[in-house]
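Below: the structure, in structure tokens.
The values are calculated or read from the model by the stated rules, or taken from the named source; none is laboratory data. What you see is a predicted model; the values in this text were computed from it and never measured. With ideal geometry, Cβ positions are generated from the backbone for all residues, glycine too; neighbour counts draw on all protein chains shown. Ligands, DNA and RNA are stripped out before the accessible areas are found, and what is left, the full protein with its side chains, is counted by its heavy atoms. Shrake-Rupley method; radii C 1.70, N 1.55, O 1.52, S 1.80 Å.
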Amino acid sequence: MPLETDVDITPAGQRPDEDPSLAVRNNGGTPPSADPAPSGRREALLVLGFGGPEGPDDVMPFLENVTRGRGIPRERLLDVAEHYMHFGGVSPINEQNRALTAAVERELAAAGLDLPVYWGNRNWAPYVEHVWQQMADDGIEHVYVFPTSGFASWSGCRQYHEDVARARSVFTGAAPGGGPTAEKLPHYGDHPRFVQANAEALAAALAALPEDLRDTARLVATAHSIPDTMAAVAGPDGGAYQAELLRSARLVVDAVAPGRDVDLVWQSRSGPPSVPWLEPDVNDHLQALAGAGEKAVVVFPIGFVSDHVEVIWDLDNEAKETAEELGMAFVRAATAGTHPAFVTMVRELIEERRSGTPPRLGTNCPASCCFTAPRRRPTA
């Protein structure tokens, strides 16, 4: 059964958007350091993912766990459950994260880095709380947290800090101070290795089009839509979610076809219709492109790092079907997955932190960064 996710991680008398920040608290009360890692400290890497069901009986409990307290209509959950049932009730995301974890282990070993690698999830087994206990039992003193999301926002960054704080709060009594200290690795949407992995995928997708369409196909980057209110407070000054994604998409396109236009659109909306989310939706955008006379489109899901359900259903099924109905040629580029450049990037991010470079955004986030007030249930 899913774990409860409403553990209070804020000290008594402190607002969630006031100092000390989550980054400071998770690091044991001091800001993430700009000095080299202390010699002899027992360190580890935690690959921290979203999680997904492993069988049909897991699907609805998983979705209820993900959406607890968010007011998502049950009809929407049943619709999404059907997407998972299309794949036998098994989300590809867990196997993909197992593969990424194994690839990173090999990468670190080849580079001579003696750093054990763990994998944990926010919303399904292996839960981060359980993995935190395992790391504490293994004598780990400090954890570098690699999230499977590279961009600013509450759901894409701050919530990972909250995951760590929640895991540490569970074991405050059993392990002094909550077990290992921790620091989340920085945003990586503009990292050259992430750009390389996505650029090679985009080039391969373009090559899959008929030759006479390659130079004119519309290049469309997609990312998960989020509520407008969440987007407005993303990053220290707001608006960082869109800004970081657009920069990443621009870098990828310039690596393949310098100067060529790129559109950034959204997918996988899950909130109630009354709440404004980022637009346009990818399907609406495809209709607009067809209306403008476009004949071909290449979609690259820059906001995702693996081909999980929201990629293979929302794009490979729904968006592809929309394009076919409109008479447009459609190709979807692969995500970074276990591309060697992406795996190398993880090692380089760890080495960056261990060597003593100044912590960047995502690692040392201000207390108010990406803060959204918790949803309040109406009183009777």
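Annotations
- Per residue accessible area of the chain, 1.4 Å probe, in Å²: 43
- Viscosity 0.890 mPa s, temperature 25 °C, Stokes-Einstein D of the range 71-200 from Kirkwood C-alpha radius, µm²/s: 146
- With 0.36 nm allotted per residue and the present C-alpha distance subtracted, the A373-D35 stretch has 118.3 nm of extension available.
- By DSSP, the beta bridges lying fully in the range 207-322 are antiparallel in about 10 percent of cases.
- Solvent accessible area, Å² - M85, 1.4 Å probe, full protein context: 80
- The range 176-221 and the range 253-322: distance between their alpha carbon centers, rounded to Å: 14
- R74-T357 FRET efficiency (beta carbon distance; Förster radius 35 Å; 0.05 resolution): 0.15
- DSSP-defined antiparallel bridges as percent of all bridges, the chain, nearest 5: 5
- Put a dot 7 Å past the Cα of N317, heading toward its Cβ, do the same for D190, and the two dots end up 3.7 nm apart.
- Rounded D (µm²/s) - the range 258-328, Kirkwood Rh over Cα pairs, Stokes-Einstein at 4 °C, 1.567 mPa s: 98
- With all pairs of different C-alpha atoms in the average, the Kirkwood value for the hydrodynamic radius of the range 248-380 is 18.1 Å.
- For the residues P180, P116, P36, a GNM of the chain with alpha-carbon springs under 10 Å puts the largest fluctuation on P36.
- Under a 5 Å amide H cut-off, with hydrogens placed 1.01 Å from N, N27 pairs with A182 among residues at least 5 apart or on other chains.
- Viscosity 1.567 mPa s, temperature 4 °C, Stokes-Einstein D of the chain from Kirkwood C-alpha radius, µm²/s: 60
- Based on Cα contacts under 8 Å between residues 6+ apart, the range 45-121 shows a relative contact order of 51 percent.
- Ranked packing of 187-193, 337-343, 297-303, most packed first, by mean Cβ within 10 Å: 297-303, 187-193, 337-343
- GNM top mover of L206, L245, L113 - the chain, alpha-carbon springs below 10 Å: L113
- Ordering of 221-228, 10-17 by packing [mean C-beta count within 10 Å, highest first]: 221-228, 10-17
- Counting 0.36 nm for each residue step from D138 to S274 and taking away their Cα separation leaves a gain of 44.2 nm.
- Kirkwood Rh in Å, taken over all unlike Cα pairs in the range 201-288: 14.4
- Shape summary of the range 1-107, radius of gyration then Dmax from alpha carbon positions: 18.9, 54 Å.
- Helical content of the chain, expressed as a calculated mean residue ellipticity at 222 nm, amounts to -11500 deg cm²/dmol (DSSP H runs of 4 or more residues, -39,500 (n - 2.57) each, divided by residue number, nearest 500).
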